1. So, in region 153-185, exactly how many residues are open to solvent by less than 80 Å² (accessible area, probe 1.4 Å), touching a residue at least 24 places away in the same chain (Cβ under 8 Å) and either of a type in the set (Lys, Arg) or under 20 Å from ARG109 (Cβ atoms) (or both)?
2. Name every residue in region 137-148 that is in contact with a Lys or Arg (Cβ under 7 Å, 6 or more places away or on another chain) and either β-branched (Val, Ile, Thr) or open to solvent by 20 Å² or more (accessible area, probe 1.4 Å) (or both), in order of residue number.
3. Suppose we filter region 85-106 for residues that are out of contact with any strand residue (DSSP E or B) (no Cβ under 6 Å at 6 or more places or on another chain) and open to solvent by less than 70 Å² (accessible area, probe 1.4 Å); how many remain?
4. So which residues in region 266-285 are among the charged types (D, E, K, R) and either buried (at least 16 other Cβ atoms within 10 Å of the Cβ) or in a helix (DSSP H, G or I) (or both), if there are any at all?
5. Please tell me if ILE68 is in contact with a helix residue (DSSP H, G or I) (Cβ under 7 Å, 6 or more places away or on another chain) and modelled with pLDDT of 75 or more.
Amino acid sequence: MAIKGSVRAPYVIEVHVPETINVNVNIPGLQGKPGEGIYDFVKRHGFTGTEEDFYNSLKPQQPDLAGIVADLKSKNILVNSGMLDAVLSAIVHALAEQPYTPLTFNEPRKGDTEIRVSGQDGFKVRVSGSAEAVEIQSGSATIKIQPYGADDIYLEYLNLIEHVVDTVKIKGLFEFNPETATEILPKQFYGRSDLEGELTCPNVIKVGSLAFVGTDHNIINLPKATDIDRDAFANSSLAVINIPAFVWADDNLDLKSYDLIRVNKMTVSEESRPPRNVMMQKISLEVYNPDHSKKWNLYSEKWEQA
């Protein structure tokens, strides 16, 4: 085997030597002879070791890791040998698995073709069944989806070696039947700006958080609802809330958010004691008992004839 080339100062040559080779080297000021072996060449220019010494000098040198091996063993870390790969392997296995940011997503709206997700930089996200994964950068990424509708969507969360570490379900939309429903789920109507006006649910007992966010309903009638989340009506467009079976007291219903500035009329159980701080914030709010025969007096904090 012959190697030809030119080398400029500084004269550094990196060679991997599987066998004896001849090298023709053109170095300004250093002229090799035709067919001259590299060992003869370097010897002629000052190398004093044997040919074996010369070829050994070209091989990568194993660093002295005795001290590191001793330190690892002092920490009860098993090292199988003093070779570099064994030491690195022992260190990697001793490392605790690092925590990562869980995958979260912004609730999609009906018909959306993209979902915004948040998670660990360098991790990737893909829709289950898809080969295309999108890398999370600066904490977020945008995932393409089929138009969001009734079908559930599953997002796979891939770590730095592209192993799936989590699968997140995005529940599909389903048609809500106000006549038969007994529960309104959290964010039940999220993104349904097509829903507006008055909504009556005669059999609903339980109402989840942010149940009406994103809709344009302005009147809600829930005659049987008793289990209502504190934030059920937050971020909604409601102006009239009729919940005659619900006992409103203390801080069990949040009506203080700015988004609920439209609320001006409520119907609640006569056992209710509307919180003074809420009533003071919403001076125009009128609160009635179930048959509207009584009205809550903000100043006396009692029910009085309407």
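The values are calculated or read from the model by the stated rules, or taken from the named source; none is laboratory data. Keep in mind the model is a prediction, meaning the values are calculated, not measured. Because the Cβ atoms are built from the backbone with ideal geometry, glycine has one as well, and the counts that use them run over all protein chains shown. Just so you know, the surface numbers come from the protein's heavy atoms only, side chains and all, with ligands and any DNA or RNA stripped out. Shrake-Rupley method; radii C 1.70, N 1.55, O 1.52, S 1.80 Å.
1. The total comes to 8.
2. The initial filter retains those residues of region 137-148 that are in contact with a Lys or Arg (Cβ under 7 Å, 6 or more places away or on another chain), namely 140, 142, 148.
Of everything in region 137-148, those that are in contact with a Lys or Arg (Cβ under 7 Å, 6 or more places away or on another chain) and either β-branched (Val, Ile, Thr) or open to solvent by 20 Å² or more (accessible area, probe 1.4 Å) (or both) turn out to be SER140, THR142.
3. Residues of region 85-106 out of contact with any strand residue (DSSP E or B) (no Cβ under 6 Å at 6 or more places or on another chain): 85-102.
Adding the requirement that they be open to solvent by less than 70 Å² (accessible area, probe 1.4 Å) leaves 86-87, 89-91, 94, 101.
Of the residues in that region, 7 qualify.
4. Step one: of region 266-285, the residues among the charged types (D, E, K, R) are 270-271, 273, 276, 282.
ARG276, LYS282, listed by residue number.
5. On the way: in contact with a helix residue (DSSP H, G or I) (Cβ under 7 Å, 6 or more places away or on another chain): yes; modelled with pLDDT of 75 or more: yes.
Considered against the rule, which asks whether it is in contact with a helix residue (DSSP H, G or I) (Cβ under 7 Å, 6 or more places away or on another chain) and modelled with pLDDT of 75 or more, ILE68 comes out as yes.
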